[in-house]
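S.K.: Here it is: the structure, laid out below.
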Amino acid sequence: QVQLVQSGAEVKKPGASVKVSCKASGYTFTSYYMHWVRQAPGQGLEWMGIINPSSGYTNYAQKFQGRVTMTRDTSTSTVYMELSSLRSEDTAVYYCAREGCGGDCSSDAFDFWGQGTMVTVSS
Amino acid sequence: QSALTQPASVSGSPGQSITISCTGTSSDVGSYNLVSWYQQHPNKAPKLMIYEVSKRPSGVSNRFSGSKSGNTASLTISGLQAEDEADYYCCSYASSSTPNYVFGTGTKVTVL
């Protein structure tokens, strides 16, 4: 079965960087795009960007351009999201989410999600 | 890119039907049949309920249905059940030279 397992919670100081991992299993890693979505405490979902695990192609939401880097390691079926110059407003749960429609199909939707990684930015 | 607009809360009694609206613009909801809906229970990851406006992934109850008219998409939950109490978010692909997505503001569904 499809599983996305993310790295554990992080506490960072303002100005630092954080790197969150998302290890995929149960499907062909390079066949599905991966997205990152975040959710601040008590707030809604916010799309951050997309990575093509096959080619490494990335596209980031304008809000995060210059601060976010998404990479992948095909040997371990893992994608990474690094966010730099952290500020208190970046305190949130960060999710990886596979692009798909729940089966052997493609769609601009997010069919499987990681469990989320809480990133706290505090001095 | 501004968030899609959803009502903050919707409520209904067990067995009733409720509809959640999701209003965007001609640059997102109005231009693409790529609206999806997610259910999120407290402290849980979101779950895909509807994709491409009205399609249900395998395993999702047929009590959930989606539609779209112009710049507004809608999610209807029929035969409301206690387990449907959760937050719901819409999401749309948005026009751009590169892939771009926008979520709705979220709706809290309460089963009375």
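Read-outs: derived from the displayed coordinates by stated rules, not from any lab. This structure is a prediction, so every number in the text was calculated from the model and none was measured. We place every Cβ from the backbone using ideal geometry, glycine too, and count neighbours over all the protein chains shown.
S.K.: Quick test of your reading: applying the under-4.7 Å Cβ rule, which cysteines of chain B are isolated?
M.R.: B:Cys91
S.K.: Report the charge-dipole magnitude of chain A in Debye, nearest 20, computed about the Cα centre from +1 at each Lys and Arg Cβ and -1 at each Asp and Glu Cβ.
M.R.: Computed about the Cα centre, the dipole is about 400 debye.
S.K.: Also, quick follow-up: With springs connecting C-alpha atoms under 10 Å apart, model chain B as a Gaussian network and identify which of B:Ser17, B:Ser74, B:Ser92 has the largest mean-square fluctuation.
M.R.: The residue that fluctuates most here is B:Ser17.
S.K.: Tell me the chymotrypsin sites (Phe, Trp or Tyr not before Pro) within segment B:46-112 that lie in a loop according to DSSP and have at most 12 other beta-carbon atoms within 10 Å.
M.R.: Hits after loop and neighbour filter: nothing returned.
S.K.: Another question, then. Please report how far the C-alpha centroid of segment B:64-112 lies from that of segment B:1-57, rounded to the nearest whole angstrom.
M.R.: 0 Å
S.K.: Further question on the same structure: Show me, bin by bin at 10 Å from 0, the whole-percent P(r) of segment A:1-107 based on Cα pairs.
M.R.: Taking every Cα pair in segment A:1-107, the percentages come to 14, 48, 31, 7, 0.
S.K.: Using only alpha carbon pairs under 8 Å that are at least six residues apart, calculate the relative contact order of segment B:3-112 and give it in whole percent.
M.R.: Averaging sequence separation for qualifying contacts and normalising by length gives 38 percent for segment B:3-112.
S.K.: Over chain A, what is the relative contact order in whole percent, taking alpha-carbon pairs under 8 Å and six or more residues apart?
M.R.: 34 percent
S.K.: If we count every other residue with Cβ under 13 angstrom of A:Ser107's Cβ, Lys/Arg +1 and Asp/Glu -1, where does the sum land?
M.R.: So the surrounding residues net to -2.
S.K.: For segment A:65-123, what is the convex hull volume of the alpha-carbon atoms per residue, in Å³?
M.R.: Each residue corresponds to 121 Å³ of Cα convex hull volume.
S.K.: From the convex hull of the Cα coordinates of the protein assembly as shown, what is the mean projected area in square nanometres?
M.R.: Its average projected convex-hull area is 12.3 nm².
S.K.: Between B:Ser11 and A:Glu89, what's the calculated FRET efficiency when r is the beta-carbon distance and R0 is 30 Å? Round to 0.05.
M.R.: That pair, B:Ser11 with A:Glu89, gives E of 0.45.
S.K.: Let me ask you something else. Taking 8 Å as the Cα distance limit and 6 or more residues as the minimum spacing, I'd like the relative contact order of segment B:1-65 as a percentage.
M.R.: Reported as a whole number, the value is 19 percent.
S.K.: Count charges around A:Ala16 for me, please; just the other residues with Cβ under 15 Å from its Cβ, Lys/Arg as +1, Asp/Glu as -1.
M.R.: +1
S.K.: Please compute the net charge surrounding B:Leu4, taking Lys and Arg as +1 and Asp and Glu as -1 over other residues with Cβ under 13 Å from its Cβ.
M.R.: -1
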